[in-house]
Structure formats: structure tokens, C-alpha cells
Amino acid sequence: MGVLGTFGDIVFEVSNQRINTFYDFIREATARYEQHQRILQKPKLEFLGPEADQITFTMRFDTRFGITDVKAEMDRLLRKCREGKAETLIIGGFRYGLHKWVVESVRQTMKVFDGNGRLLAGEVEATLREYVL
């Protein structure tokens with residue numbers, strides 16, 4: 001089994017039995033500036049400091065990839081969003097960021113249902129925000 005990383009109790013893994021990982025992983029860092037207006041001149045920018053970083057990624061949960069309860073797996077990220085608990089993000093053995101992360105938003109897409117209404121495949125787009133104390 002290949003463990004790519006973790007976010008709290010969620011394990012990102014790939015094996016011949018199970019695929020539970022992310023794609024479209026994007027990290028965004030921005031800075032805060034104040035703009036001061038000046039007469040007959042261009043505005044002057046004042047650097048205020050960095051903004052909290054943001055990470056977005058998508059996870060696909062599919063019974064064909066060894067996920068036995070797709071809805072339950074998708075709801076784990078939803079619960080993290082609703083609980084607001086800050087957790088460590090580790091990928092490839094390295095900790096991302098200087099701080100922990102919270103799930104700021106979750107977008108669930110239900111893709112495939114069986115004849116009994118059981119969810120067979122779905123995707124979750126999660127947005128994490130750096131949690132600075």
C-alpha cells in the first residue's frame with residue numbers, strides 16, 4: 001500500500017485494493033496591501049502582510065476503487081467543515097505550511113447511484129484555509 005499523506009484522520013492512499021486520493025491540488029498564497037490615494041500621482045501600495053494560504057483539491061470516491069461506503073467517505077470532509085477543527089496536512093512525508101488547516105468549504109457531487117439509491121461514485125471539492133493562532 002502506498003500512503004501519500006494524511007489530513008487528520010483521512011489517509012490518502014493508493015494500492016491495488018483501494019484508491020483514496022486527491023487530484024487538482026492547488027495551493028494559493030496571497031498578500032494584503034493597502035492602497036493610498038495621492039493627488040496627481042499613482043496610488044501608493046503599503047504591504048500589510050501575508051494572507052492565510054488556501055488549498056483546494058478534489059477527491060473521487062468510487063466503489064470500483066475499493067471504497068465500500070462512498071457517502072460515508074464523502075461526509076467525512078463535510079463533518080470536518082462543520083466542526084472547524086484545525087488539523088495537520090502531510091503529503092509525501094512533508095508537512096504543508098507552518099500551521100494547521102481547517103476545511104473552509106466542501107462541495108459534494110453525487111455521480112452514480114445503483115437501482116436501490118445507493119451512492120456508487122461521487123466527488124468532493126474541498127477548500128482548506130491555513131489556521132493561524
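Across the range 15-41, the number of residues qualifying as open to solvent by 90 Å² or more (accessible area, probe 1.4 Å), more than 30 Å from residue 67 (Cβ to Cβ) and part of a strand (DSSP E or B) comes to 6. Of all residues in the range 79-101, those satisfying the criterion of being assigned to a helix (DSSP H, G or I) and either over 11 Å from the mean Cα position of the chain (by Cα) or acidic (Asp, Glu) (or both) are 79, 82, 83. For the condition under 12 Å from the mean Cα position of the chain (by Cα) and either closer than 15 Å to residue 22 by Cα or not basic (Lys, Arg) (or both), residue 104 qualifies. What do you reckon, is residue 104 in contact (Cβ under 8 Å) with a residue 12 or more places away in the chain, at negative phi and touching a Ser or Thr at 6+ places or on another chain (Cβ under 8 Å)? Yes. Flag not set for residue 125, criterion: of a type in the set (Asp, Glu), open to solvent by less than 60 Å² (accessible area, probe 1.4 Å), under 22 Å from residue 4 (Cβ atoms) and part of a strand (DSSP E or B).
Residues in the range 42-72 that are basic (Lys, Arg) and either surrounded by 15 or more Cβ atoms within 10 Å (Cβ to Cβ) or in contact with a strand residue (DSSP E or B) (Cβ under 7 Å, 6 or more places away or on another chain) (or both): 44, 60, 71.
The values are calculated or read from the model by the stated rules, or taken from the named source; none is laboratory data. Predicted, not measured: the structure shown is a model, and the values here were computed from it. Cβ atoms come from the backbone with ideal geometry, glycine included; neighbour counts cover every protein chain shown. Each accessible area value is taken on the protein alone, full model and side chains, heavy atoms only, with ligands, DNA and RNA left out. Shrake-Rupley method; radii C 1.70, N 1.55, O 1.52, S 1.80 Å.
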